[in-house]
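The values are calculated or read from the model by the stated rules, or taken from the named source; none is laboratory data. Quantities reported herein were computed from a predicted structural model and do not represent experimental measurements. Cβ coordinates were reconstructed from backbone atoms using ideal geometry, including for glycine residues, and neighbour counts include every protein chain displayed.
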């Protein structure tokens, strides 16, 4: 319906020859692909294919034994999660990792942590510059609340929310960090059709409105094919296909991996 | 604050349209708040002067787009200041605003847009724009779509899409190039012009476009303001659909006439929070909302500690005894007054505060009958809740309840300047200054509803009681008879059922049958909480509805209704003999309810024909498979096997028996 005028820029992140093993288990072997600025890049594959491991490598949770990750032209091997965050990488988790006793608003506010400059004492006293800073951050958070249409649950403790909404709050917290690269780990897992559609809409809107580059993991092919620009397919830790949704859909290796093949 | 207080006074006959009223208000109320909206978590306020500036800009933009006198302009969205301004902007150019139900499915909206010959539509956001674009593909007359919220709209390349901010910018340019255009255009309007076209949701057939003139709307609004003493100091929360006549009268017409402030909630889901923050002095809600609030209170009190519960029970019992009398200005003993005062501090005050009704001076409820218990609950708290009887075709007001003479089972006396008569068939006929001009492009329906001398057929059956208060029993066409000739008023029975908090909706059958049988929809909140306390587990609405324990619970309600009916002389024989609990909630998206959430009886009858058959066949169970529609138009299917229960009937007692005895 709409004519796409989105600009896909140069390579933002590049992974080359990643090998990751836990003891004797090979989680990833020789995986290489890139993510371009402004695109929605999906990483798909059956259960246990190494998708989450790949994401964990990108944001520094895991350190691959071999291979290199180049982010914004800077090659790196070892990076800690907080360094990744400081460089503009934010993520959500497969199993929601929110502060269950805190309200939606406070949870999203924690996403602003890295942007807060005032020291602890000033913040505790809520005085002068600390107060101004908090007001500015609150304004930003309110924009996210508006964007994700969660005004009604602003002050509700997250633990009391249904699963689909918790996922949305988690997305909100990731957005609060104003990331350049947003990693979404199965944002639609466990959702019903309507919730999935809402989430797709939000992912597309984030990409369009803020120009955020998005890498998302899904094992449900259907959803991903509709919204992503390019898709990487992993199976048993190996990359078996990479390309546009149409190319991937027609790829024999992918069909075999998903439907099984007689040996 | 401005000391000028023109509100409540008779109208200056030169100020006979809403744009003229706006100019007046910007003059006399100037900096006082006209409209508020909660945006990004903060209440934003616009004064009358700022409202005028916005209306001027939107009008300029619309003029630049070529909107001319008599054109129709559709408004699609939640209650937003910009949409209210757009109504006034359209009116100032002599165009006719057509607010559309924003949650209606594409087919319904499509009919209205096409039938009303809409050329320009103003939508709230992308969701509405998408619907309108679909409609435009079929009805290309809709040339321009204006949207308020630019989110997600950046990459739409379709022609004729204009952002509201851009429209207002164009409007300022237009105003700069054509100074005084606004005043000149406004001056051209007159009281007899069509001010607004409102489509009735229609329990049967296609919606009809009711055309109301400025005189209709203004005179009724003025009368109502005078009757209930509204002033520019009042405040209202606008949360009901803008396409509904009530919202148009209360949140637009009365606000412009009296000069009070209208607050728009942040979103549909935040209304209860916003209500608490704004604390409106004038509050309208259909009975089901008052019911929901009371259900919530009851649930929370059931869960409260022993002391709180006892205190609540004691003071509420006292309030029911003394509170209503105090509100009605009757004589009450000093002890009762003291206890009521104490209750005010301990219970009523905090409760009203929690509900956001602390400042409420005037509350209206209409659309359906309200349960006497519910009605008394609010009145006993000292909230001046009143019933109202009206319809779109009469610019709302037909009957109103005067202070001090409020009864739960009647709708009050004729509103100012309204004449009422009862036809031989029992139907209520009305003649008033608010009677509509005609239905748009539907002379047949106009002739059926409005007599040449201006009487409107309300379609309701009712009668006056000995105090001259009107009592409505049912839709005239729905009143039927059982095979033995007993009068059968389905709504009357359904309302009695719905007064139980466990029952959300009921549909009674009986016309031309041997006995009365009903469908019941349980209230998920109330029954769910009850089930929790009973230790009954359930996973879904469908499962809960089918539990034998729930059937027992509902059966006790049904039998209580039968005992009530037994005391009524005319309706004693129309007791409920068999009933079943439906497996799904009746829903407007499935066409079972109207957009204002009234049951579409004939449609429900057709859709669940197999269940009705089972109710009258004596079977103990019935199987049903129904199609359901989701909001985006996709369809799904649910199947269920429902139990049918027999309820005990009571031999006629009470009135009849007493009469025989005397």
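General observations
For every residue, the table says whether it meets (1) more than 24 Å from residue A:187 (Cα to Cα); (2) free of Cβ contacts under 8 Å to residues at least 24 places away in the same chain; (3) touching a strand residue (DSSP E or B) at 6+ places or on another chain (Cβ under 7 Å).
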| residue | (1), (2), (3) |
| --- | --- |
| A:35 | no, no, yes |
| A:49 | no, no, yes |
| A:125 | yes, yes, no |
| A:140 | no, no, no |
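- The one condition from (1) touching a strand residue (DSSP E or B) at 6+ places or on another chain (Cβ under 6 Å); (2) within 14 Å of chain A (Cβ to nearest Cβ); (3) surrounded by fewer than 23 Cβ atoms within 10 Å (Cβ to Cβ) that residue B:276 does not meet is (1).
- Residue within the range A:212-227 that is more than 11 Å from residue A:42 (Cβ to Cβ) and either not in a helix (DSSP H, G or I) or not assigned by TED's automatic domain parsing to the domain that holds residue A:43 (or both) present: yes
- Among the residues of the range B:603-652, the ones that are part of a loop (DSSP other than H, G, I, E, B) and either over 24 Å from residue B:548 (Cα atoms) or within 14 Å of chain A (Cβ to nearest Cβ) (or both) come to 7 in all.
- The range B:498-533, subset closer than 20 Å to residue B:472 by Cα and under 20 Å from the mean Cα position of the chain (by Cα), residue modelled with the lowest pLDDT: B:499
- Restricting the range B:410-421 to residues that are surrounded by fewer than 19 Cβ atoms within 10 Å (Cβ to Cβ) and touching a strand residue (DSSP E or B) at 6+ places or on another chain (Cβ under 6 Å), the residue that is farthest from residue B:327 (Cα to Cα): B:421
- Residues that are in contact with a strand residue (DSSP E or B) (Cβ under 8 Å, 6 or more places away or on another chain) and within 20 Å of residue B:636 (Cβ to Cβ) within the range A:187-216 comprise just one, A:188.
- Of all residues assigned to the range B:109-126, at least one qualifies as being more than 14 Å from every other protein chain (Cβ to nearest Cβ), surrounded by 20 or more Cβ atoms within 10 Å (Cβ to Cβ), under 22 Å from the mean Cα position of the chain (by Cα) and in a helix (DSSP H, G or I).
- Count - residues of the range A:193-224 that are more than 14 Å from chain B (Cβ to nearest Cβ), over 15 Å from the mean Cα position of the chain (by Cα) and in contact (Cβ under 8 Å) with a residue 24 or more places away in the chain: 3
- In summary, residue A:185 fulfils each of the numbered conditions (1) modelled with pLDDT of 85 or more; (2) under 28 Å from residue A:144 (Cβ atoms); (3) surrounded by fewer than 19 Cβ atoms within 10 Å (Cβ to Cβ) with the single exception of condition (3).
- Criterion: away from every other protein chain (no Cβ under 14 Å) and modelled with pLDDT of 90 or more - qualifying residue of A:141, A:169: A:169
- Residues in the range A:9-54 that are assigned to a loop (DSSP other than H, G, I, E, B) and more than 14 Å from chain B (Cβ to nearest Cβ): A:9, A:10, A:23, A:24, A:37, A:39, A:45, A:46, A:47, A:48, A:49, A:50.
- Search result, residues across the range B:63-94 that are assigned to a loop (DSSP other than H, G, I, E, B) and more than 17 Å from residue B:243 (Cβ to Cβ): B:65, B:66, B:67, B:68, B:69, B:70, B:71, B:93, B:94
- Given (1) within 24 Å of residue B:603 (Cα to Cα); (2) in contact with a strand residue (DSSP E or B) (Cβ under 9 Å, 6 or more places away or on another chain); (3) not assigned by TED's automatic domain parsing to the domain that holds residue B:368, number of the condition residue B:499 does not satisfy: (2)
- Of the criteria (1) within 22 Å of residue B:641 (Cα to Cα); (2) in contact with a strand residue (DSSP E or B) (Cβ under 7 Å, 6 or more places away or on another chain), which one residue B:593 fails: (1)
- Selected residue [assigned by TED's automatic domain parsing to the domain that holds residue B:80, touching a helix residue (DSSP H, G or I) at 6+ places or on another chain (Cβ under 9 Å) and outside any helix (DSSP H, G or I)] from B:60, B:31: B:31
- Hits in the range B:577-589 - residues which are surrounded by fewer than 20 Cβ atoms within 10 Å (Cβ to Cβ) and under 17 Å from residue B:624 (Cα atoms): B:584, B:585, B:587
For (1) within 14 Å of chain A (Cβ to nearest Cβ); (2) surrounded by fewer than 15 Cβ atoms within 10 Å (Cβ to Cβ); (3) under 30 Å from residue A:148 (Cα atoms), each residue gets a yes or a no:
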site	(1), (2), (3)
B:271	yes, no, yes
B:280	no, no, yes
B:285	no, no, yes
B:308	no, yes, no
B:317	no, yes, no
B:327	no, no, no
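Okay, residues lined up against (1) more than 15 Å from residue B:92 (Cβ to Cβ); (2) at pLDDT below 95; (3) within 14 Å of chain A (Cβ to nearest Cβ); (4) touching a strand residue (DSSP E or B) at 6+ places or on another chain (Cβ under 7 Å):
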{"site": "B:149", "(1), (2), (3), (4)": "yes, yes, yes, no"}
{"site": "B:158", "(1), (2), (3), (4)": "yes, yes, yes, no"}
{"site": "B:204", "(1), (2), (3), (4)": "yes, yes, no, no"}
{"site": "B:212", "(1), (2), (3), (4)": "yes, no, no, yes"}
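- Qualifying residue in the range A:127-134 (condition: within 14 Å of chain B (Cβ to nearest Cβ), more than 26 Å from residue A:190 (Cβ to Cβ), at pLDDT below 90 and assigned to a helix (DSSP H, G or I)): yes
- Residue check, residue B:566 crowded, with 20+ Cβ neighbours inside 10 Å, touching a residue at least 40 places away in the same chain (Cβ under 8 Å) and over 31 Å from the mean Cα position of the chain (by Cα): yes
- Qualifying helices (runs of 4 or more DSSP H) (wholly inside the range B:437-539; at least 1 residues being buried (at least 22 other Cβ atoms within 10 Å of the Cβ)): B:490-498, B:524-534
- Being more than 11 Å from chain B (Cβ to nearest Cβ), surrounded by fewer than 17 Cβ atoms within 10 Å (Cβ to Cβ) and under 18 Å from residue A:98 (Cβ atoms) is a condition met by at least one residue of the range A:144-159.
- Every condition in (1) within 11 Å of another protein chain (Cβ to nearest Cβ); (2) in contact with a strand residue (DSSP E or B) (Cβ under 9 Å, 6 or more places away or on another chain); (3) assigned to a helix (DSSP H, G or I) holds for residue A:174 except the one numbered (1).
- Condition met for residue B:135 (in a strand (DSSP E or B), in contact (Cβ under 8 Å) with a residue 12 or more places away in the chain and either more than 30 Å from residue A:155 (Cα to Cα) or assigned by TED's automatic domain parsing to the domain that holds residue B:632 (or both)): no
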